[in-house]
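Take a look at the structure below.
The values are calculated or read from the model by the stated rules, or taken from the named source; none is laboratory data. Since the structure is predicted, the reported quantities are computational estimates derived from the model, not experimental observations. For neighbour counting, all protein chains shown are included, and Cβ atoms are generated from backbone atoms with ideal geometry for every residue, glycine included.
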Amino acid sequence: MIADPTLPETTTVASSAGAGAQPSLRRLMGEIRQRKVATAGLLVFLAILLIALLAPLLAPHEPLKQNLGDNFLPPAWKDGGDWTYPFGTDPLGRDILTRLMYGARSSLIISIGAVFVGLAIGLVTGLVAGFYGGFLDTTLMRLGDIQLAFPFVLFAIAILAVSPNRTVWHLMAVLGISSWVIYARVVRSRVLSERNKDYARAAQAVGASRWRVLRRYVLPNVWQAMVPIALLNLAYFVVVESLLSFIALGLSPPNPSWGSIRADGRQYMMVDPWMALLPGFAIVITVLAIGLAADGFADILDPKLTQGAFQRQPLTSSMPDSTIAEESENDLLQVRNVCIDYPAKSGTVHAVRDVSLDVAPAEVVGIVGESGSGKSTLGLAIMQLLDAPGRVTDGALLFEGADLARASNKRMNQIRGRGIGMIFQDPGNSLNPVLTVGYQLAEVIRANRAASGDGIRTLARQSLAAMNIADPDRVLRAYPFQLSGGMQQRVMIALAMIAKPRLLILDEPTSALDVTTQAQLLAELESLRAEHRTSMLFISHDIALLAQIASRIVVMYAGQVIESGPRDTVVANPLHPYTRALIGAVERVDAAGEERLEAIAGDPPDLRIVQPGCPFAPRCPLVMDRCWTVAPPRIAREPGHEVACHLYESPGSKEIAA
Amino acid sequence: MSVPLLQVEHLSKHYPIRSGLLGRRATGTVRALDDVWVTLEQGETLGVVGESGCGKSTLARTMLWLDEPTGGSVRFRGETIGKNDLATLRKEFQIVFQDPYTSLPPRMRVRDIVADPLEIHGPVDGETIPQTVERLLREVGLDPARAGQYPFQFSGGQRQRIGIARALAVNPAVVCLDESVSALDVSVQAQVLNLLRDLQQRHGLAYLFISHDLSVVRYLSDRIAVMYLGRIVEEGPADALARRPLHPYTVALLEAAPSLKRSEPARIALKGEPPSPSNPPAGCAFHPRCPMAADLCRSQRPELAEWLPGRRSACHFALDVPAILGKAPV
């Protein structure tokens, strides 16, 4: 089976997610429908903005026109009020509604303008500081630090107090200059992290100039962080602008502003409180609306925040009868007909489909499959640590006879760690970066009451020595970042082993490590198994690796077990075409010369679609008509060696009832 | 004899270790790369293997002048490269990174990612930029109809194909593959390795292929250089090197890779980690981990010498190193 790499791959994953023109716009519209409060805030703000912009058309009167005969009129809903002046008039007989509308105009124009001024200055200084670094960076950032040391309102007051004439432009400039540091700092830190990303390096390797890298690769990622900051800044400026005009340092009179209307009304609080209260309401409503919009839409830009909090819910349906009936009591872990779904807007992902497997005490079972085969999801499900919204929808996960899918959260907490331990691919993310290895080990030892007093240190040292760490004292004193990846992973395993779990789930524990370190780690895991009789569920994409440590191998494809059996049988006599292809793909050491490597064409299937036949059919070199329409039965060929494939349907083979 | 495409002599890259409150005082040196001699011919693949920190990535980066070397020279088509030639040479040297998730800009469409090098260096003769992008996507086995999509809509193997298309856009002479398949599933690695071999034959590319896994490198490489602590410890034709290694470290690397065929225990299983390159051991740098180490190895550093025709090794006992897959003829 030789794949032709020039053929377009037959994937459908994501192509339905929007090959079209504007996927992000469509997503945005969807998000807006999801967030009612934030949308309400946004609409209110837009309405106020519209009123402000259209004030000359909408206002019933002239903002500055005095009519001393009609002064101190109360609002329309009070005795003596008149709908000619819905909110009444001020001491000079000017219409308060009109003045509020024009006040909104000056408040918002100044605030929005000031945000742009601050954003522009901050963006440029941040980009320059972040990208050029060195002396420029130091100078600009120190300037910013000095400015931040002053309360900026005082700074603005000081400048405005000496300005003879305060126009919209003056106020925009003063407020804008007072806020550039916030943007500059955020931009700078984003630039520093983005320009070291591989894709920025790749662009430099191509020969892109610094300016080009900045514009095409760095800026698009910087914008995203700016939007929520700018919105909150806007709300703040609305307050500050009204404060400044309240103390007569805003726009030069007689131009109305919410702050100055309030200041005018203050003297007549006892006679007519509405004059002061109405602009106050306007300010509160505006700030609240901006705040709600900024808060609600900030996380659109960070898709990770939209996932919702982790909350595990035990399965409430009763266990299927067939799962309890089996007599294999000496199995530590029995996975029975487990199904796991991730509900999503674009369609539910059926990540694990009717999977059953057993792990006996002191046995190592290997699960092999490509990315997206459901192997990691199954591992997380056993620990009941599935990321929301994923959940076990059917089946049972029996650990020492108790069903984990139906266990209470309290019970699960007792089982995690002590009953089942788990090791992940990236040890750097699993260790706390600010605590020494010794501290982290001691914490776990105390939590498990494995030792006390002086015994803690002895046990910590022993547990590292058990992982073949030559110099345990140095490692105990070290912080995780001072250790190599292989050493970090040894520490993680030592941590997990302190609670003496009966089962260890290892999810690609060596995939991020050198092959030499991987070989060492396998030897250490094998000695742990021999000494403590720890069972292991070893998850990997590399069947050759599993063949070195596992006694049984389970092959997963598209969330299903397609073949399982004793290691030697599966490796020597693989039945499923997919298993054969996996084995072909790792036969590299001997593949020399002009021979092509065996590869599996195409990509794993879209797990949102449940097709009627065999999930491997689109990529299978031996595909038959039946494979497209009929799900293959599970067939036992030799004791313990099962395969789900139509190729092996014959009178001699025994079909297993599902 | 023709002039090699790239010729590296005495190449070194040293990083000062700074300490003190302001980091101003250099208190030591990390010899990330020390006196390396190596050549790369037109259309050839040189595999560079070793553990993390052995200097293999530093070698590639200094060879292609992405980092300036501390000492030594790099000659490209016979001309010594200096700082001022970089603008024109940049397009001859391209790189494909390890991580398909971070090496593509997340907010750019595939067509813009592949077109970017062309916009910098100008379109290829007789083709408009969109035509070139379409041709490149086809060449790496992607459907040009998906050019408007973003990287997140592709699988890991497909993203790596996008990275390869970007690297090939400007018709480079050398492509550095920096652990380019290490993050992929084994089954997908095979696809990408086959693709790389096809592209090499079609375009006459030279590859500098860096990996910690000798079995991956062996498939694609004509010659392999094994590095340990900033130096080349063995170098030679890929097949001969894998069949009869002349350095115990090469044996260890070969045996560390999981294989379905080998059943006997490893003869040279590595223990511990490589020593720090800031404080290398006296004598042969490998002696603390070497099962063959003798007194000579502890006192005298072996030079990289030609023990068999075309086969260089830095081991005092190169010819006594156990053969790997039977005693194959050299």
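A few notes on this one:
- A:Gln488, sole failed condition from (1) modelled with pLDDT under 90; (2) touching a helix residue (DSSP H, G or I) at 6+ places or on another chain (Cβ under 7 Å); (3) farther than 28 Å from A:Leu332 by Cα: (1)
- Residue count for the range B:246-261, restricted to those that are more than 7 Å from chain A (Cβ to nearest Cβ) and within 19 Å of B:Pro275 (Cα to Cα): 5
- Residue satisfying condition, being at pLDDT 85 or above, surrounded by fewer than 23 Cβ atoms within 10 Å (Cβ to Cβ) and not aliphatic (A, V, I, L, M), within set B:Arg218, B:Arg312, B:Arg262, B:Arg267: B:Arg312
- The set of residues from the range B:94-108 being at the interface with chain A (Cβ under 7 Å from one of its Cβ atoms) and either at pLDDT below 80 or outside any loop (DSSP other than H, G, I, E, B) (or both) comprises B:Gln94, B:Ile95.
- Within the range B:203-236, restricting attention to residues that are part of a helix (DSSP H, G or I) and in contact (Cβ under 8 Å) with a residue 60 or more places away in the chain, the residue that is nearest to the chain's Cα centre (by Cα) is B:Val217.
- Failed item, numbered, when A:Ile261 is tested on (1) surrounded by 21 or more Cβ atoms within 10 Å (Cβ to Cβ); (2) in contact with a Leu (Cβ under 6 Å, 6 or more places away or on another chain): (2)
- Where a residue in the range B:145-156 is within 7 Å of another protein chain (Cβ to nearest Cβ) and its partner, wherever it lies, is of a type in the set (Lys, Arg) and part of a loop (DSSP other than H, G, I, E, B), with Cβ under 8 Å and at least six apart: B:Gly148/B:Arg109; B:Gln149/B:Arg109
- Pairs, first more than 7 Å from chain A (Cβ to nearest Cβ) and on the phi > 0 side of the Ramachandran plot in the range B:173-199, second among the polar types (S, T, N, Q) and not in a helix (DSSP H, G or I), C-beta under 8 Å, six or more apart: B:Glu179/B:Gln98; B:Glu179/B:Ser211
- Within the range B:109-129, the residues that satisfy the criterion of being not small (Gly, Ala, Ser) and not in a loop (DSSP other than H, G, I, E, B) are B:Val110, B:Arg111, B:Asp112, B:Ile113, B:Val114, B:Asp116, B:Pro117, B:Leu118, B:Glu119, B:Ile120, B:His121, B:Ile129.
- Complete set of residues in the range A:76-110 that are touching a His at 6+ places or on another chain (Cβ under 7 Å) and of a type outside the set (S, T, N, Q): A:Asp95
- Each residue in the range B:110-134 was checked for being crowded, with 16+ Cβ neighbours inside 10 Å, more than 9 Å from chain A (Cβ to nearest Cβ) and charged (D, E, K, R), and 2 pass.
- Among the residues of the range A:596-618, those that are within 32 Å of the chain's Cα centre (by Cα) and at pLDDT below 90 comprise A:Ile600, A:Ala601, A:Gly602, A:Asp603, A:Pro604, A:Pro605, A:Asp606, A:Leu607, A:Arg608, A:Ile609, A:Val610, A:Gln611.
- Close pairs from the range B:83-112: first over 12 Å from B:Ile162 (Cα atoms), partner surrounded by fewer than 23 Cβ atoms within 10 Å (Cβ to Cβ) and among the polar types (S, T, N, Q), Cβ under 7 Å, at least 6 apart: B:Gln98/B:Ser182; B:Arg107/A:Asn221
- Subset of the range A:457-511 (residues that are small (Gly, Ala, Ser), crowded, with 22+ Cβ neighbours inside 10 Å and within 16 Å of A:Ser535 (Cα to Cα)): A:Ala494, A:Ala496
- Residue list for the range B:216-244, restricted to those being within 21 Å of B:Gln98 (Cα to Cα), aliphatic (A, V, I, L, M) and within 11 Å of chain A (Cβ to nearest Cβ): B:Val216, B:Val217, B:Leu220
- In the range A:56-80, the residues that are touching a residue at least 40 places away in the same chain (Cβ under 8 Å) form no Cβ pair under 6 Å with any partner that is part of a loop (DSSP other than H, G, I, E, B) and hydroxyl-bearing (Ser, Thr, Tyr), whether six or more places apart or across chains.
- Tally of residues being of a type outside the set (Gly, Ala, Ser), assigned to a loop (DSSP other than H, G, I, E, B) and surrounded by 16 or more Cβ atoms within 10 Å (Cβ to Cβ) across the range B:276-290: 6
- Checking B:Leu168 against (1) under 26 Å from the mean Cα position of the chain (by Cα); (2) at the interface with another protein chain (Cβ under 10 Å from one of its Cβ atoms), the condition it does not meet: (2)
- Subset of the range A:477-508 [among the aliphatic types (A, V, I, L, M) and touching a Gly at 6+ places or on another chain (Cβ under 6 Å)]: A:Ala496, A:Ala499, A:Leu504, A:Ile505
- Note on the range A:602-629: residues that are in a loop (DSSP other than H, G, I, E, B), free of Cβ contacts under 8 Å to residues at least 40 places away in the same chain and under 28 Å from A:Lys345 (Cα atoms) amount to 4.
- All positions within the range A:177-212 that are touching a residue at least 60 places away in the same chain (Cβ under 8 Å) and under 21 Å from B:Asp112 (Cβ atoms): A:Arg190, A:Val191, A:Arg195, A:Arg210
- Check on B:Val175, within 14 Å of B:Ile95 (Cβ to Cβ) and at pLDDT 90 or above: yes
- Hey, A:Asn409 within 21 Å of the chain's Cα centre (by Cα) and on the phi < 0 side of the Ramachandran plot or not: no
- All conditions in (1) free of Cβ contacts under 8 Å to residues at least 60 places away in the same chain; (2) more than 11 Å from chain B (Cβ to nearest Cβ) hold for A:Arg502, with the sole exception of (1).
- Of everything in the range B:96-109 that is in contact with a Ser or Thr (Cβ under 8 Å, 6 or more places away or on another chain) and not β-branched (Val, Ile, Thr), the residue that is surrounded by the most Cβ atoms within 10 Å (Cβ to Cβ) is B:Phe97.
- Selection status of B:Thr29, in a strand (DSSP E or B), surrounded by fewer than 20 Cβ atoms within 10 Å (Cβ to Cβ) and either touching a strand residue (DSSP E or B) at 6+ places or on another chain (Cβ under 9 Å) or free of Cβ contacts under 8 Å to residues at least 12 places away in the same chain (or both): yes
- Condition check for A:Leu232: under 45 Å from the mean Cα position of the chain (by Cα), surrounded by fewer than 21 Cβ atoms within 10 Å (Cβ to Cβ) and under 21 Å from A:Val117 (Cα atoms): yes
- Residue match in the range A:294-307 (condition: at pLDDT 75 or above, over 23 Å from A:Leu232 (Cα atoms) and among the acidic types (Asp, Glu)): no
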